[in-house]
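Notes follow the structure.
The values are calculated or read from the model by the stated rules, or taken from the named source; none is laboratory data. Treat the numbers as computed from the prediction; the structure is a model and nothing was measured. Neighbour counts run over all protein chains shown; Cβ positions are idealised from the backbone, glycine included.
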Amino acid sequence: MLKKVNTFWFSIVLAFVFYGIIQLLISTAMLNPFYTNTLIFICINIILAVSLHLVIGITGQFSIGHAGFLALGAYISAIMTMKLGMPFSVALIAGGIVAALAGLVVGVPSLRLRGDYLAIATLGFAEIIRIIFLNIDYVGGAAGMQVTHATTWTTSFLCLILTIVVIANFTNSRHGRACISIRENEIAADAMGINTTYYKVAAFVIGSFFAGIAGGLYAHNFYIIQPVNFGFLKSFDILIFVVLGGLGSLSGAVVSAILLTIVSTFLQGLPETRMIIYSLVLVMVMLYRPQGLMGTREITDYFGKWGRVKGGNQYGG
Amino acid sequence: MEAKPILNVSQVGISFGGLKAVAGFNLELYPGELIGLIGPNGAGKTTVFNLLTGVYTPTEGEITFNDERINGLAPYKVTRKGISRTFQNVRLFNEQSVLDNVKVAYHSLASHSILSSIFRLQKHFIGEQEMEAKAIDFLKIFQLDKVKDEKAKNLPYGEQRRLEIARALAAGPELLLLDEPAAGMNPKETKELMELISFIREQFNLTILLIEHDMKLVMGICERISVLDHGLLIAEGTPNEVRNHPKVIEAYLGEEVVSNHA
């Protein structure tokens, strides 16, 4: 247990050293705004990927409406700062909470559905959110809403660390094990005394909360938000991060979010090519690594592996 | 026999649309008993298990467990009341380790909240450590502690069966329902299983209800046997009584044979 705590603090320290270096580069203007912006965008995408990973990878609920929660977080936080004059931090939290509440309202009825049906229900929800914002003049309708630039490297990195710590801690506890057991075999989980509905909804709400936070960061990074940014293609982008990384692997979601954000950022001038490359990458991964980049492993497993082999294992790897 | 049954099933039935899968099923289980439930394929044995564990809600009749009505309760609530089960086709949490499979069954015995886990409060560590220690001790009883870090799907079939029984017991039941525990086992494994069942019955003070096709096993360890056919209870009694019951022979071998036999 002590060893686990130490690796935890070690990774936190490592993360903040990384943060410090980047922050230094930004403040000394060695990193130009384009790269800074890419880094922020990577943070946002990782938050989205990791939050969806909790729902799909850990709990096994195939939700493809994550852009809906992103949109809610974006619009609510934008309303808070632009219309109500609240500080950015309050707006971020408000965006997260409203998205989480929406997750609760949508989750309770729709998580009774399974597989394809749940996918369709969540997709429908995301479209409803988009259409609602499209038709509200208060938030600018189709023309969109102007938002000040408030997202910095510091805020996005803090949110990212918070997301990863919360979701990793949730996963590595009796609650996370309950969620994984639902993914593995819902009937057996139920028979073992797990309240499956409760945990499905809990995972969904936590995932929605962080998608809402990501929405707040997103809105305050791009000067303008429009409903068209939150269509179902956005949901699929996030889904691709999770599937490509390997369903059930948090580090896989992080790695693939970084990888694909870099690819798509450098192909921004040619959006059509971007989608072709996306598709090609997906096809290639599914052909050569159907379990995703990381499978269900975590990066830490590779370190743990050596220790385990030394300890001797009857059945081998 | 003790005076009070632990489980009382009276006139329970369920229909799916027009099909009566089980009708008028009666069963009384007294503490410490080991009862067999047999019948030809499609007789409704697993349906009875599903009724008892809350997977299905009976359309008629009443099930009481420790004097508490349990029909219509959600499966996880039934488990928390003290009825635990295994499945006909093994249903382990394949991608989870052997240890985690057992820990999941301990889930409702721990009490640290989601928030205490997220913020890694003292409660979380205490709760998790307790679960871990308990689960390891538990695996030792079933000689599975050596493979505790192995994924459940990588275990040999016999050990998977054993793990499933271990997991069901970790949930802390008073009544254990075993659905064809010997399915797919060779005679040696079946013999080991019979020993295991007798052992856990003593060790955990269990009442056991068992579905099985292996007659040697059923006749060997069960004190009483109920026979189902086409959703109806056709016979009840000691292994010997059941073995010679004309209706049972008819259900298994057909009517013709009975008349020839007579």
Worksheet item: Can you find a residue in the range B:181-189 that is among the polar types (S, T, N, Q) and in contact (Cβ under 8 Å) with a residue 24 or more places away in the chain?
Response: no
Worksheet item: Within the bounds of the range A:89-107, is there any residue that is of a type outside the set (Gly, Ala, Ser) and not in a helix (DSSP H, G or I)?
Response: no
Worksheet item: Given the range B:94-154, what helices (runs of 4 or more DSSP H) lie entirely inside it while holding 3 or more residues that are more than 21 Å from residue B:79 (Cβ to Cβ) and either under 23 Å from the mean Cα position of the chain (by Cα) or modelled with pLDDT of 90 or more (or both)?
Response: B:114-118, B:122-141
Discussion item. Restricting to the range A:197-232, and then to whatever is among the polar types (S, T, N, Q) and under 19 Å from the mean Cα position of the chain (by Cα), can you tell me which residue is farthest from the other protein chains (Cβ to nearest Cβ)?
Written reply: A:229
Discussion item. For the range B:40-89: of the residues being of a type in the set (Gly, Ala, Ser) and touching an Asp or Glu at 6+ places or on another chain (Cβ under 7 Å), which is farthest from the other protein chains (Cβ to nearest Cβ)?
Written reply: B:43
Worksheet item: Before we move on, is residue B:73 in contact (Cβ under 8 Å) with a residue 12 or more places away in the chain, within 26 Å of residue B:205 (Cα to Cα) and part of a loop (DSSP other than H, G, I, E, B)?
Response: yes
Worksheet item: Any chance the range A:181-196 includes a residue that's closer than 28 Å to residue A:257 by Cβ, within 12 Å of chain B (Cβ to nearest Cβ), buried (at least 24 other Cβ atoms within 10 Å of the Cβ) and under 18 Å from the mean Cα position of the chain (by Cα)?
Response: no
Discussion item. Out of the strands (runs of 3 or more DSSP E) lying entirely within the range B:183-262, which hold 3 or more residues that are in contact with a Lys or Arg (Cβ under 7 Å, 6 or more places away or on another chain)?
Written reply: B:232-237
Worksheet, complete the sentence: residue B:41 passes all but one of the listed conditions (1) of a type in the set (S, T, N, Q); (2) surrounded by fewer than 16 Cβ atoms within 10 Å (Cβ to Cβ); (3) modelled with pLDDT of 90 or more; the exception is number (3)
Practice prompt. Could you look through the range B:46-62, keep only residues that are among the β-branched types (Val, Ile, Thr) and farther than 20 Å from residue B:229 by Cα, and pick out the one that is surrounded by the most Cβ atoms within 10 Å (Cβ to Cβ)?
Written response: B:53
Worksheet item: What number goes with the only condition from (1) touching a Leu at 6+ places or on another chain (Cβ under 6 Å); (2) free of Cβ contacts under 8 Å to residues at least 60 places away in the same chain that residue A:65 does not pass?
Response: (2)
Worksheet, complete the sentence: Being farther than 20 Å from residue A:80 by Cα, crowded, with 19+ Cβ neighbours inside 10 Å and of a type in the set (A, V, I, L, M) narrows A:166, A:147 down to just A:166
Worksheet item: surrounded by fewer than 20 Cβ atoms within 10 Å (Cβ to Cβ) and either more than 14 Å from chain A (Cβ to nearest Cβ) or under 28 Å from residue B:31 (Cβ atoms) (or both): does that describe residue B:186?
Response: yes
Worksheet item: If you go through the range B:37-63, how many residues are among the aromatic types (Phe, Trp, Tyr) and not in a loop (DSSP other than H, G, I, E, B)?
Response: 1
Worksheet item: So which of B:180, B:150 is buried (at least 18 other Cβ atoms within 10 Å of the Cβ), on the phi > 0 side of the Ramachandran plot and not β-branched (Val, Ile, Thr)?
Response: B:180
Discussion item. Only one of B:39, B:13, B:44 is touching a residue at least 40 places away in the same chain (Cβ under 8 Å), in contact with a helix residue (DSSP H, G or I) (Cβ under 7 Å, 6 or more places away or on another chain) and of a type in the set (Gly, Ala, Ser). Can you tell me which?
Written reply: B:39
